[in-house]
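The values are calculated or read from the model by the stated rules, or taken from the named source; none is laboratory data. Nothing here was measured: the structure is a model prediction, and the numbers come from that model. All Cβ positions, glycine included, derive from the backbone under ideal geometry; neighbour counts span all protein chains shown. Surface areas here come from the heavy atoms of the whole protein model, side chains and all, with no ligands, DNA or RNA. Shrake-Rupley method; radii C 1.70, N 1.55, O 1.52, S 1.80 Å.
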Amino acid sequence: MIMSPSETISTLFDSPKETLVRYVEVWTPNEDATRLTLVATQVTGPITRKKPKHKVVSVAKGAGLAGTAWQQKAVSIVHRDDVGQLDRINVRSDHDLTAVLAIPVFFQQEIRGVVVIGLGDGFGAAEIWTRDDRDELAVSASHYAGLESFEFITRYTRFPKGAGVPGRVWQSGLPYLLQKLGHSDSFIRSFGNDEAEIGAAIGLPIGHERGFPASVLLLLSSTATPIASLTELWECEQSAVVDAGMPVARLIGVTRIAGGSVSVGSGSSPEAWQSELLQKTESAGQPLLVTAEEAELPTGAKFNLSIPLFKNDVLRNVLNLMF
Amino acid sequence: MNENRYVEIANLTKAYPNPFGQDIAVVKDFNLILRKGEIVSVIGHSGCGKSTVLTMLAGLNPITSGSLIVDGREVAGPGPDRAVVFQSPCLLPWMTSFENVMLGINQVYSHGTKVERKQICEYYLSIVGLADSMHKYPREMSGGMQQRVGIARAIALKPRMLLLDEPFGRLDSLTRMDLQDVILEILDRERVTTMLITHDVDEAIYMSDRVCMMTNGPEATVGQVLKIPFARPRVRSEVLDHAHYYDFRACLLSFLQKQEHRKAAHVASFSKKLLDAPVEFVEDTVKEPAKEPVGV
Amino acid sequence: MSESTTDKIKYGLLKTIDISGFKVFDPVVRLLFGEEPTKQAVDIVKYLVTPIVFVLLCMALWTVIAPRHKTKSGEVPTPTEVWAAAVVNDTLNEREDEKETDFALSGEGREDAIMEVSAALIIKEAESVELKSDLLQIEKDVKAEITGKIAPLQEAYDRLSQKNRMIKAERETNIHSLAEGVASKKAASADLLQAIRDDKAATEAGRDAEKLIKEEINEVRNNPPKALKNAQLASNAVANEAGHLSKRLDYLKTGNRSLKVTEAEDKTVAALQKLEDASTPAAVLAAAKLVVGGEETAERIAEQRYPRTATIWFQVKRSLFTVFIGFIMAAVIAIPVGIMCGLNKVVMACLTPIISIFKPVSPVVWLLIFQIVVGAFFPDPENHPLFTFFASLPLVGGLGINPALVFSACTVAICAVWPALVNTALGVSSIDQDHMNVARVLRLSLWSRLFKIIIPSSLPLVFAGLRISLGVGWMVLIAAEALSSSDGLGKFVWDEYQNGSSHSFANIIFACFVVGIIGFFLDRIMILLQRSVSFDDGAAVV
């Protein structure tokens, strides 16, 4: 079923759902790429929720959560119990965060930014898959909301190259979005009832090592508390990027949650507002957070986070998370 | 030698041409690495190509592409360093169990004296519990006893790798459990790297360190690998009573179930592939990611 | 679980009859051991009694039908006659044995035998004379009786034929006058034609009537009372016996080997004497030559064998030997070639045309070819080392091994080679892939592969092929012997056919049974062998 994105986007934010992501920060490097500076902060959910004060903060490589992610070229996760590391965020009181993830974005070996997302209560998971000594992917760090037995079995699960979404992402070096999971047969890892809630999986390659991603971030999005209100994965067409200086992209994956329904569209060309976002992200070459005030977004949307994904020296994909 | 990568199966592919000259891959891009001394089960539905993988590893079936390395050596043809136990015992019916085991021992211990070889043979027959039936012919023995001889013959070769192709498939459940224990006991002592093909979920969990789940063919490959954390040597009752035994079981069963569902869809596309004329539609069907078996 | 001794015996017996292929006796054994008597009884009735009854029925049918079919060799013999023929043939064989012994006897044994045989001969001759006179008496009586019976019939016949001739003459005159009338246009030609037709019919009727009486006369003449026939038979039998005894006496007295040897030795002694007495060089030379010649003769005679007449049992032995030789030749060729065919598809492809073309060729053609080919190898068979070697062997020496036996054996071999070859090739090529995999995994050498896996695994089929081969060989041999007049059962049949004596037909049928029964036992032996090599207890097709 192919559906034009704009058809349902209008109704998407009429009755917004609580997303699993409660809090977003974007850090970008300074000019000589010696420090990361916090450039944007946003909270999701109702307007009443207080946005933390935007202070000018910067960290060196290895310092703080963002600096660690940069140094390790991998997603860092901090759980609720290790709040000592989170000196800036009052996790418990302000936003009920259960874990915070720092996702580094690299252009080859060069840091392009770090996206920090804070996850709240609900249903869903974030897993970091890294290669073991036998070229198999295993979860090295993770956060689960709900899904206890799934978490247990995942600890013992390995994916060889090419197997499952992590294995696929790792083999191809490209992100992958798999929708309509639940009880579907392609969700091979699920075995219990809890996983039925999982609607979509997004696999992102992180860093580069010997021609393959250093690790794979897998976000599992549920229908009850999706990762974002709207998740779009765009594929940039290579020749067009160079010729026109403007990305001509193709939507290869989208998952939108509106009133519990999940719809799929693929192969569509971007609408004007989407083009603008893509273009901005492309020209910045950095993670980008735009609010409804700064750019034209669908009605009801609060802000959009765009993450550029490079393979070798080319921008191959853009992931849009809209809240 | 890297003991963590004792057996390396990389991008293993087996394809047969269909009547129209197109190759149909039974197994495609199969990747698996075994640690030395590890027991890995391969489960999947019958006909999914698990036995094909095993016979290729045994060298009995030529590979189409990819590579197979055992202990640093590329597999080229069958050899006694990779002993196989098939579903049927494959004993030579005109030889006693002693002679059957001796046949292999004579090949492997050609340097030993006759007495030594005889002792080795008797030793291995006794550890599979056949000390009293050494001079019986296969027809005088039950299926379980015959399979014991097959196991003794394989182990007696002192193989680098032991390949078990549904060795208990034709046995009743009691005999099956007996034999599982016999094999586990031997493997705990001898530490032979083992690949066990099975479709019995409980057997896979009880016997192995890791379970490799294969997707359904055509183009069967590894779907997921599950590590079984129970320490060895194992005691059946303890394994069964383990708090998470049923989680592992449910995970494997659910995988198999999903493959079963997938099969129906695949049969249609497979037969279409078989019947398609060589040129038609090829261009169109290339970029369809959803068609390939992918999972989370 | 221990078995009792009876059980052991019982199952041992059951196994034996199973292996030997006489499974029909299975219920009998079980019944003897008291196992489920009702079931066994039913089985016995079904599978043992019923077939026996059926065979008896066939015999009865044969007995009834046979005498009704008259052939140029006489009536088709009944089972009793065939049995009688069997007894006669056996007696013939016994007599040959006796004569052979007599021929070789010497010294006291000979003297004793002469006494014994002479005494028996005197008795028999007396008996024979008595029986002959009895027979003459009976013949006279019967003749009188028959003449008495025939006389009135002959009279009636004469009368009838007289009367017929007269009537015939009358009709002829009538026809002649009618013919004249027609010629002078006084009578219608139709009348003449009718008269001629009537005449023919009347003549025919007269002849038939005469024939009836004639047949009656023949009936009386040809069916002398049973007593005559019995007397004749009894007299003949005794005369026969007496003849045999006198023959024996011949062999004991004049024809005896030891006597002949002594005679030759005496001659040598005389010649030696002459040599000593001789004075001229020529005489000395002549005498010396005589001595040497005499010595040689004595030696030759001492080695002489009794010139046996070929009796049926001798022919059986010879046929068995021939078929054995031919079968061995076939096996020696078929098994290695079959193995090569089974192992290598190229070899198979090379041999397939040869097999397909030569397999259907009739044994008769092969016989003729081998007769020519083999003949060329032995231009002087009497002194050929091969045959002198065979003749010197203890058991088979007396069978008279000659080129005829060789080409019969070759014919058997070439006809028997095909089933064995094809089955061996099949056995080797259809070897269980699992077993080959075992060989491959163990990296067995070609030699161990061949002897530990391929040959043992194909043995059951090899033996199945050999079994068919032996059956084919046996059939072919009989035909070959009949055609080539090489000694053996086939020649026995052929000779009987050419003979045309009153017993010939019965002898042929007797030989038919002999051939069949021997064939049956050969087959059983092969089944036994086949069972002994089959490793999986698989039931062979019986």
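For this structure, a couple of remarks:
- Cβ-Cβ under 9 Å pairs, at least 6 apart or on other chains, segment A:187-200 side more than 10 Å from B:F255 (Cβ to Cβ), far side assigned to a strand (DSSP E or B) and at pLDDT below 75: A:G199/A:T255; A:G199/A:I257; A:G199/A:V262; A:A200/A:G253; A:A200/A:T255; A:A200/A:I257; A:A200/A:V262
- Cross-chain or 6+ apart pairs with Cβ under 6 Å, segment C:433-452 first and within 9 Å of chain B (Cβ to nearest Cβ), then open to solvent by 70 Å² or more (accessible area, probe 1.4 Å) and aromatic (F, W, Y): none
- Qualifying residue in segment C:340-353 (condition: in contact (Cβ under 8 Å) with a residue 40 or more places away in the chain and under 27 Å from the mean Cα position of the chain (by Cα)): no
- Residue within segment B:91-100 that is open to solvent by less than 20 Å² (accessible area, probe 1.4 Å), part of a loop (DSSP other than H, G, I, E, B) and touching a Gly at 6+ places or on another chain (Cβ under 6 Å) present: no
- Taken over segment B:4-22, the criterion of being more than 14 Å from chain A (Cβ to nearest Cβ) and out of contact with any Lys or Arg (no Cβ under 9 Å at 6 or more places or on another chain) is satisfied by B:Y16, B:P17, B:P19, B:F20, B:G21.
- Count of segment B:188-206 residues which are out of contact with any Ser or Thr (no Cβ under 6 Å at 6 or more places or on another chain) and either assigned to a helix (DSSP H, G or I) or more than 14 Å from B:L54 (Cβ to Cβ) (or both): 11
- Top-ranked residue in segment C:440-462 [being more than 20 Å from C:M526 (Cβ to Cβ) and touching a Pro at 6+ places or on another chain (Cβ under 9 Å); ranked as surrounded by the fewest Cβ atoms within 10 Å (Cβ to Cβ)]: C:R443
- Qualifying position, being touching a residue at least 24 places away in the same chain (Cβ under 8 Å) and either over 29 Å from C:S458 (Cα atoms) or in the same structural domain as C:R467 (by TED's automatic domain parsing) (or both), among C:P419, C:P336, C:P379: C:P419
- Residue in segment C:22-34 that is loosely packed, with under 14 Cβ neighbours inside 10 Å and more than 27 Å from C:I525 (Cα to Cα) present: yes
- Of all residues in segment C:168-221 being modelled with pLDDT of 85 or more, touching a helix residue (DSSP H, G or I) at 6+ places or on another chain (Cβ under 7 Å) and β-branched (V, I, T), the one that is most open to solvent (accessible area, probe 1.4 Å): C:I196
- Hits in segment C:278-306 - residues which are assigned to a loop (DSSP other than H, G, I, E, B) and either touching a helix residue (DSSP H, G or I) at 6+ places or on another chain (Cβ under 9 Å) or open to solvent by less than 80 Å² (accessible area, probe 1.4 Å) (or both): C:A278, C:T280, C:Q304, C:R305, C:Y306
- With respect to the stated conditions, B:H199 fails to be within 14 Å of chain A (Cβ to nearest Cβ) and more than 18 Å from A:E136 (Cβ to Cβ).
- When restricted to residues that are of a type in the set (V, I, T), within 12 Å of another protein chain (Cβ to nearest Cβ) and in contact with a helix residue (DSSP H, G or I) (Cβ under 8 Å, 6 or more places away or on another chain), segment B:70-115 contains 5.
- Only one entry in B:S67, B:S126 is more than 11 Å from every other protein chain (Cβ to nearest Cβ) and not in a helix (DSSP H, G or I), namely B:S67.
- Considering segment B:220-246, the residues that are within 11 Å of chain A (Cβ to nearest Cβ) and closer than 16 Å to B:I9 by Cα include one that is surrounded by the fewest Cβ atoms within 10 Å (Cβ to Cβ), namely B:Q224.
- Residues (within 14 Å of chain B (Cβ to nearest Cβ) and out of contact with any strand residue (DSSP E or B) (no Cβ under 6 Å at 6 or more places or on another chain)) located in segment A:114-125: none
- With respect to the stated conditions, B:L164 fails to be away from every other protein chain (no Cβ under 14 Å), closer than 24 Å to C:D432 by Cβ and buried (at least 18 other Cβ atoms within 10 Å of the Cβ).
- In summary, A:Q274 fulfils each of the numbered conditions (1) at pLDDT below 80; (2) open to solvent by 30 Å² or more (accessible area, probe 1.4 Å) with the single exception of condition (2).
- Condition check for B:G72: small (G, A, S) and under 18 Å from the mean Cα position of the chain (by Cα): no
- Segments classed as strands (runs of 3 or more DSSP E), wholly inside segment A:126-203, with at least 1 members that are more than 9 Å from chain B (Cβ to nearest Cβ): A:136-145, A:176-178
- Residue check: B:R170 meets all listed conditions (1) outside any helix (DSSP H, G or I); (2) free of Cβ contacts under 8 Å to residues at least 60 places away in the same chain but one, namely (2).
- Picking from residues in segment A:87-114 that are part of a loop (DSSP other than H, G, I, E, B) and surrounded by 20 or more Cβ atoms within 10 Å (Cβ to Cβ), the one that is modelled with the lowest pLDDT is A:I89.
- Within segment C:30-44, residues that are in the same structural domain as C:K10 (by TED's automatic domain parsing) and closer than 17 Å to C:I17 by Cα reach partners that are aliphatic (A, V, I, L, M) and surrounded by 11 or more Cβ atoms within 10 Å (Cβ to Cβ) with beta carbons closer than 6 Å, at six or more positions or on different chains, in the pairs C:Q40/C:L31.
- From the list C:T6, C:T50, C:T63, the lone residue that is in contact with a Ser or Thr (Cβ under 7 Å, 6 or more places away or on another chain) and farther than 20 Å from C:L528 by Cα is C:T63.
- Some residue of segment B:35-58 being assigned to a strand (DSSP E or B) and away from chain A (no Cβ under 14 Å): yes
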